[in-house]
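Shown next, in structure tokens, is the structure this report addresses.
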Amino acid sequence: MDIYRDEILDHARHPRNRGKISNPTHRSRTPNPLCGDMIDLMIRLEGKNSWVKEVGFEANACAVSVAAASMLTEKMKGKTKKELRRLREEDVVSWFGGSLTPSRRECALLPLKALQEALAVRQAHRPEPSRGKGGEEK
Amino acid sequence: MIDVQRIRSDFPILSQKVHGKPLVYLDNAATSQKPAEVIEAISTYYREYNSNVHRGVHALAEKATQAYEDARGKVAKFIGASPSEIVFTRGTTEAINLAAYAWGDQFLKSGDTILLTLMEHHSNLVPWQLLAARKKLNLEFMHVTKEGFLEEAEETIRRVKPRLLAFTHVSNVLGTINPVQNLDKVAHSIGAKVLVDGAQAVPQLPINVANLDCDFYAFSSHKMLGPTGVGVLYAKEEILRRMPPFLGGGEMIKEVYLRESKFKDPPHKFEAGTPHIAGVIGLGAAVDYLDQAGMGNVRAYEEELTAYALKRLGELEGLTIYGPPSAAQRGGVVSFNVDKIHPHDLATVLDEEGIAIRSGNHCAMPLHDRLGIVASARASFALYNTTSEVDVLVEAIEGAKKVFKV
């Protein structure tokens, strides 16, 4: 089955960059309106050219969305904000080797949608909650 | 007795292959397939006597009008009502909206309460949200137990004292058959009116609205072997007579002057504009088909099939089934989840094997919230499904577990 070929399944079962990152500068929680799946994409851009220092995601989503998020975040590393803006739907679709039906296409494009929404709004810089003596978060 | 192989031969669409495999259509809660008789009835209408209804005196117009009103009579008889209590709409959703606008706007006032349930389809939820916003009403909800039954339904009705109780006869996710007659009795005893969403029930159970004693009953043609674009709102005659119009226009008027009009009696009062004549005629043919099969036989067959499905699915490891444990308590709808496989992915893998199931929230987001999940997979049966198809489903789920290595 093309859509679930080994490479895609690997990304779905062992997603790269899954997890929270500290002090994201850009973030978006984006739902898939067709099914309620949700992706939380966090990016930290730094430096003069605003390049991707760190990226992470959390997802309550199907294998196609998770695999797409894993592949997308890998591609994002080290890119500048300008280069991130140039990532297109056709790029994502090509990673699935043309095996996406129209409805599953929405699943694959969810992480890219989250990226575009995250770039549109700059997150206020918030320090991570520090731990008190007893180990409680402030 | 259902002769399922003979029935299957009546449905042209079932003989096709999908991805090289025989079609196994298990998405009947979304829409049902159509027997050749229904397809023929619709194309014959267009080929031989297409004409606008209720207005012409020529031969074709008379024939079309007769066929249209005959269908109304058939639908009425099918659910134990009289023809003047059958309003044709676009579907269940429009039927419920009709009740919300033409009855709700008129008879509910600020501060009144509408009692719904957590297991409602969005079409029996959103119209009431809109009405509540328009009229400043309260919305309350009956809870659903872990097994998928309404929790303390009668007590809730007595405690909340709604002016309207609206709930589903058969849940399109859990399959739960709700005790309509009992709830109607309790609701009426405290002066509430009752609207029942019968979209999933009419294709599966013998329905008699006089026995159920509900004030409104809504259902869809396309879920009961009929064409899309047609639905029915049944309402008691005395209620329809007191309701103002829903949509205004031609067909529902007696006399029209510049600044006012006189309206027809129900049901025509609520059927503005040229109706989906072909669709209603098709629905009539669907009723004929179901009548011939016998709804008692349909229910007996589907109950057995559902019991088989529950048993076989229950044997699979890592599979969670939602809703009542026994087929006697549910219609032919089985929603479930397989551990570590998202319903979309499961549905895609099953599609590769020619199997059509549905995945998502099935237009019941609050219910999925209550179940603590975002989405589920759903297999739903009709009188043309077989136990072999259930076997194919189970095998394919086992195959999916291998694909995803769970």
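Residue under question is A:A114, and the condition is that it be at pLDDT 95 or above, farther than 27 Å from B:H19 by Cβ and touching a Ser or Thr at 6+ places or on another chain (Cβ under 7 Å); does it hold? In short, yes.
Screening the range A:49-68 for residues that are more than 14 Å from chain B (Cβ to nearest Cβ) and buried (at least 23 other Cβ atoms within 10 Å of the Cβ) and picking the one that is nearest to A:I21 (Cα to Cα) gives A:V55.
Based on this model, can you work out whether A:E46 counts as surrounded by fewer than 19 Cβ atoms within 10 Å (Cβ to Cβ) and at pLDDT 95 or above?
On the way: surrounded by fewer than 19 Cβ atoms within 10 Å (Cβ to Cβ): yes; at pLDDT 95 or above: no.
No: the conditions fail for A:E46.
Restricting attention to the range B:359-382 and to residues that are on the phi < 0 side of the Ramachandran plot and in a strand (DSSP E or B), the residue that is nearest to the other protein chains (Cβ to nearest Cβ) turns out to be B:S359. When each of B:G250, B:G279, B:G226, B:G296 is tested for being under 19 Å from the mean Cα position of the chain (by Cα), in contact (Cβ under 8 Å) with a residue 24 or more places away in the chain and assigned to a loop (DSSP other than H, G, I, E, B), the lone residue that passes is B:G226. Checked against (1) surrounded by 20 or more Cβ atoms within 10 Å (Cβ to Cβ); (2) more than 22 Å from the chain's Cα centre (by Cα), B:V18 passes all but a single condition, namely (1).
When residues in the range A:28-43 are screened for being within 14 Å of chain B (Cβ to nearest Cβ), buried (at least 21 other Cβ atoms within 10 Å of the Cβ) and assigned to a strand (DSSP E or B), 1 of them pass.
If only one of B:V75, B:V53, B:V57 is buried (at least 17 other Cβ atoms within 10 Å of the Cβ), in the same structural domain as B:A218 (by TED's automatic domain parsing) and not in a helix (DSSP H, G or I), which one is it?
Step by step, each of B:V75, B:V53, B:V57 is checked, and only B:V53 is buried (at least 17 other Cβ atoms within 10 Å of the Cβ), in the same structural domain as B:A218 (by TED's automatic domain parsing) and not in a helix (DSSP H, G or I).
Can you confirm whether the range B:350-358 contains a residue that is under 23 Å from the mean Cα position of the chain (by Cα), within 14 Å of chain A (Cβ to nearest Cβ) and either assigned to a loop (DSSP other than H, G, I, E, B) or hydroxyl-bearing (S, T, Y) (or both)? Yes: the range B:350-358 contains one or more residues that are under 23 Å from the mean Cα position of the chain (by Cα), within 14 Å of chain A (Cβ to nearest Cβ) and either assigned to a loop (DSSP other than H, G, I, E, B) or hydroxyl-bearing (S, T, Y) (or both).
Here is a yes/no grid of residues against (1) touching a Cys at 6+ places or on another chain (Cβ under 6 Å); (2) over 22 Å from B:G360 (Cβ atoms):
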{"residue": "A:Y4", "(1), (2)": "no, no"}
{"residue": "A:N23", "(1), (2)": "no, yes"}
{"residue": "A:P31", "(1), (2)": "no, no"}
{"residue": "A:M38", "(1), (2)": "no, no"}
{"residue": "A:G47", "(1), (2)": "no, yes"}
{"residue": "A:C62", "(1), (2)": "yes, no"}
{"residue": "A:P102", "(1), (2)": "no, no"}
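Which one of these is away from chain B (no Cβ under 14 Å) and touching a Phe, Trp or Tyr at 6+ places or on another chain (Cβ under 6 Å): A:M76, A:M71? Explain how you work it out, then say what you get.
Details: A:M76 fails: touching a Phe, Trp or Tyr at 6+ places or on another chain (Cβ under 6 Å).
Every option except A:M71 fails the conditions.
Starting from residues that are farther than 13 Å from B:T306 by Cα and outside any helix (DSSP H, G or I), keep the ones in the range B:385-406 and report whichever is farthest from the chain's Cα centre (by Cα). Ranking the candidates gives B:K405 first.
Looking only at the range B:306-322, decide whether some residue is more than 28 Å from B:R8 (Cα to Cα), crowded, with 23+ Cβ neighbours inside 10 Å and more than 14 Å from chain A (Cβ to nearest Cβ). Yes, the conditions are met somewhere in the range B:306-322.
Across the range A:52-98, which residue is farthest from B:I373 (Cα to Cα) among those that are in a loop (DSSP other than H, G, I, E, B) and of a type outside the set (K, R)? Looking at residues that are in a loop (DSSP other than H, G, I, E, B) and of a type outside the set (K, R), I get A:G78. Summed over the range B:205-217, residues that are touching a residue at least 40 places away in the same chain (Cβ under 8 Å) and touching a Leu at 6+ places or on another chain (Cβ under 9 Å) total 2. Residues in the range B:51-72 include at least one that is without any contact (Cβ under 8 Å) to a residue 60 or more places away in the chain and under 23 Å from the mean Cα position of the chain (by Cα).
Just one of the numbered conditions (1) exposed (fewer than 15 other Cβ atoms within 10 Å of the Cβ); (2) away from every other protein chain (no Cβ under 14 Å) is not true of A:T25: (1).
Would you check if B:V406 is surrounded by fewer than 19 Cβ atoms within 10 Å (Cβ to Cβ) and facing chain A (nearest Cβ under 10 Å)? Steps first, answer last, please.
Values: surrounded by fewer than 19 Cβ atoms within 10 Å (Cβ to Cβ): yes; facing chain A (nearest Cβ under 10 Å): yes.
The answer is yes for B:V406.
Checked against the criterion of being modelled with pLDDT of 95 or more and within 14 Å of chain B (Cβ to nearest Cβ), the range A:83-97 contains not a single residue that satisfies it.
The values are calculated or read from the model by the stated rules, or taken from the named source; none is laboratory data. These numbers were taken from a predicted model, which means no experiment stands behind them. A quick note on method: Cβ atoms are made from the backbone with ideal geometry, for glycine too, and the neighbour counts reach across all protein chains shown.
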